[in-house]
Structures are given as C-alpha cells and as structure tokens.
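Read the structure below first, then the notes.
What follows draws every value from the coordinates through simple rules; no lab data is involved. Model, not experiment: these values are computed from the prediction. Ideal geometry is used to build each Cβ from the backbone, glycine not excepted, and the neighbour counts take in all protein chains shown.
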Amino acid sequence: MIILLTVGIAPMVSAQDEGPIKVGILHSLSGTMSISETTVRDSTLMAIEEINANGGVLGRQIEPIVEDGASDWPTFAEKARKLLLEDGVDVIFGGWTSASRKAMLPVVEENNGLLFYPVQYEGLEMSPNIVYTGATTNQQIVPAVEYLLAEGHTKFFLLGSDYVFPRTSNTIIRAQLAAAGAEVVGEEYVPLGGTEFSSILLRIQEAAPDVIFNTLNGDSNVAFFNQFADAGYTAESLPTMSVSIAEEEVGSIGVENIAGHLVSWNYYQTVENATNEAFVAAFKARYGEDRVTSDPMEAGYFGVYLWAAAAEAAGSTEVDAVLAAIDAGGIATEAPEGPVALHGPTQHTIKPVRIGIIREDGLIDTISETEPVIPDPYLCTYTWSDVLPKPEGICDIFMTEAEAEATAAS
C-alpha cells in the first residue's frame, strides 16, 4: 500500500546529474540497541520505496546504502565518514542514542554532510548539519515531568543508562523539580546494556519514591522491568515514566511486566487519523502483521518525506541548498502523528506531545495530548532553565520582534 504525504511544493527542475540519489541509512542492526533501531531502518526504507514509486525526488530515484552502527559510537563516526566520503551520499538518516549522534556530529560538520536524526533527545544542542525529527526536551521530557507533578507526584527516583542522554536529561529534570518544590530521592545509572538491577532495586526500596523517571535504553529495559516485576512492583504500587520505551520495546520486555506504566512520546500506533491508519497498514503489509509501529520509526519515516520536500523546494539535493530551503520555512507534511513542520531557526520539528499508558495488549493509549509544540532545545522559554548551559545569544531566536526591539534599545 502506498501512502501519499502531501508536501505542497511544486516539482522543480534539477541542475544535478541524472542517476539515482544516494542516501545513507545508519542504525544499530546488531548489539544492545538493535532492539530499537532495526525498526527505524525498516520504516526509513519503506518511505524511500514509497517516494520512488511516486516518481522519486526531482525526477530521480533514491538509492539507499545501509550501514550498521553496531551499538558502538566510534563505529557510527566511521560509517558516517564512509557514507559521505566514499559513497557520496547526499544525506544520512540515522542514529538513536545521543552518543551515536554526537559521534556523527563532527563528521557531518567537518565534511558539510547532512544528518536527519529521528529520536527524542536531551536538547541543549543545535548543529547546522543536523535536522532533528524526534522530540527535543520541551516536546517530551519537560511535559512528562509536568504531567507527573499535576498527578501529585513529588518524590522522583531517576534511573538511566550511563551516557549523555540520561545524565543531561536528569540535570534538566532536577532543575525543573527544584522549581516546582518536588524532590529527587535517588539517582542511579547502569552501563548501556547493563542487566543487573538487584542493588538498584534495594536503593529504590530504601528511597521510597512515588514515581520512577526512566531513561534506560536498549536491552537494559528488558532486564529492569522483569526484575522490577519480580520484586513485586506494579504500575499501581510504583508507576514509572519512560522516554525510551515504545511499542517495539514493550514486546521484548513482556507486556505482563510493563502494562499500566507510563511513557512520553509524540506518536503511538493507536493515533487516530487517516494518514496513520494508512501508515500502519502499509508497514504491516510490508513487514508482517505482528510488527508494530512506534515513535522513533515514525519520525524516521516522515523525516525522509521532509528531506524530499526540502530538496524539491531547493531544486537540488546539495546540502547547502536543502538547509537554505529549511531555513526559509514552509517545509511540512501530514505525518502519521499529525501535521509536522520543520522549524527553520533550530532545524528541529514542530510536533505534538502525547503522554501514554501501556495497554494489556502491548499497544499504548494517549491519556494527555497537546497541539504541535515549537521546539525549544535550550529551554529558553522556561525561567527555571537559567542554571543550564546555553551558548551566548542562543535564546534570541525565541524572542518576539517587540522583545528584540526592546532589548536592542536597552
């Protein structure tokens, strides 16, 4: 089944050579992160097939070159360099962990490459050579904490994998909770892929939190929720809010161990609109009825469409031309999660926020939803974020014209 996502941009004549447009797909197809990243590869390939079936980009077919980051950050840098310098790709779609993104960042910047990154992350970053189609902090983590506070939770236990995303996210959460008068009663990390949680479960018991904010990634979530359930905890006795568990991971964890717990994303398979209905049907038709859709793979999917729209607007797949088209604004599509658009000043995506609860069948229901949220990767619009590191002048892009004039006058 072919899905037509309207980009609203007339085709333009390309001045480039004829022949296929080479693009890179770089995800962990082995190692601890393969549980999450393989499905993003699958949805990215599906988007490319759909676009090719409808005439390609600028009248040319897209040729994907797939590489395995192997859950190893130096490998991501190595493969990104290969894709850009040896394969000559015009864009790379890839990465999951922030460690993999930060490994690729200097490679794409030094070689003027372009990376479309599809996964939620900790914010506090804007690269001129990265387009972020997953959520930044004010589109996932901050609203998740706001939801928990509104539900009356005041004693948070922070649990994460030991790398940049969880540690930075928890720094942000601490600042947010301090401003709200809530308390962090514990903070623990395990190595990425770690599976031993007995000592951490003892510390959770001693700390007596009323909620756990979970930033574990990969296979560690399988081990934690199995051991958490074995210790007698349930969603009723001690709820968890996770930001790296989607439908794909629920199946691996075992729904009996995680039903009733909370997650924060922008998309779930259960989102009700015609575009998502067609997307889910097409994905299952291509990969099997037992497969599920999830937020990162949906962001990977519509990211291809946004890149194609930017290339059509630019009349070129050259990186500088594509980025100029994004900066000019108007690059948007009707994605499965709803209308999304690229925010030119930050190269992040304007998207809705959805808090979800995991069902007994492994799918996720939305229990709280927002309108599309403008990305604020440095949390400039939050007064409590003053304690966080920010490049000088970065927050100027969020000022209104009146505020900018007043600041200039002073």
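Two decimals is fine: what is log10 I(q)/I(0) at q = 0.22 Å⁻¹ for the range 106-222, from a Debye sum with one equal scatterer on every Cα and no solvent?
So the normalised log intensities work out to -1.25.
Given the C-alpha atoms of the range 264-307, compute the convex hull and give its volume per residue in Å³. Don't jump to the answer; show the numbers that get you there.
Values: hull volume 3.6 nm³, N = 44.
With only Cα atoms used, the range 264-307 gives 82 Å³ per residue.
Just to verify a number: FRET efficiency for SER30 and ALA274, C-beta to C-beta distance, R0 = 30 Å, to 0.05? Please list the in-between numbers first.
Details: r = 36 Å, r/R0 = 1.21.
The calculated FRET efficiency here is 0.25.
When the convex hull of the Cα atoms of the range 95-150 is projected onto a plane and the area is averaged over all directions, what value comes out in nm²?
3.8 nm²
Name the lysines eligible as straight-distance cross-link partners of LYS22: C-alpha to C-alpha under 20 Å, and not fewer than 8 places from it in the same chain.
Answer for LYS22, where 20 Å is the Cα cut-off: LYS79, LYS82, listed by chain and number.
Sort all Cα-Cα distances of the range 287-327 into consecutive 10 angstrom bins from zero, then give the percent of pairs in each bin up to the one containing the longest distance.
Taking every Cα pair in the range 287-327, the percentages come to 29, 35, 22, 14, 1.
Apply the Debye scattering formula to the range 35-103, with a single equal point scatterer on each alpha-carbon and no solvent, then give log10 I(q)/I(0) at q = 0.11, 0.13, 0.28 Å⁻¹.
After summing over all Cα pairs, the log10 values are -0.30, -0.41, -1.27.
State, as an integer percentage, the relative contact order of the chain based on alpha-carbon contacts under 8 Å between residues 6 or more apart. Provide the component values of the computation, followed by the final result.
Values: 842 pairs, mean separation 78.4, N = 410.
19 percent.
Between GLU289 and ILE367, with labels modelled 7 Å along Cα→Cβ, what's the label distance in nm to one decimal, could you check?
So the two model labels end up 3.1 nm from each other.
Binning at 20 Å from 0, report for the chain what percent of all alpha-carbon pair distances ends up in each bin.
Once binned at 20 Å, the Cα pair distances of the chain give 28, 58, 14, 0.
What 222 nm value per residue comes from the helices of the chain, counting each DSSP H run with n ≥ 4 as -39,500 (n - 2.57) and dividing by all residues, nearest 500 deg cm²/dmol?
Computed mean residue ellipticity for the chain: -11500 deg cm²/dmol.
From the mean inverse distance of alpha carbon pairs (Kirkwood) and the Cα radius of gyration, derive Rg over Rh for the range 289-359.
Using only Cα positions, Rg/Rh for the range 289-359 is 1.06.
Given a Förster radius of 51 Å and the C-beta distance between ALA180 and ASN111 as r, what FRET efficiency does 1/(1 + (r/R0)^6) yield to the nearest 0.05?
0.75
When Rg is the radius of gyration of the Cα atoms in the range 248-399 and Rh is its Kirkwood radius, what does Rg/Rh come to?
1.03
So, how do all the Cα-to-Cα distances of the range 192-296 break down into 10 Å bins, in percent, from 0 on up?
13, 43, 27, 13, 3
Only helices at least 27 Å long along their own axis, judged from Cα atoms, and with Kyte-Doolittle mean hydropathy of 0.0 or greater: name those in the chain from DSSP H.
Long hydrophobic helices here: 34-53, 295-314.
What distance in nm separates the simple spin-label points at THR383 and ARG203, each placed 7 Å from Cα in the Cβ direction?
Rounded to a tenth, the inter-label distance reads 3.4 nm.
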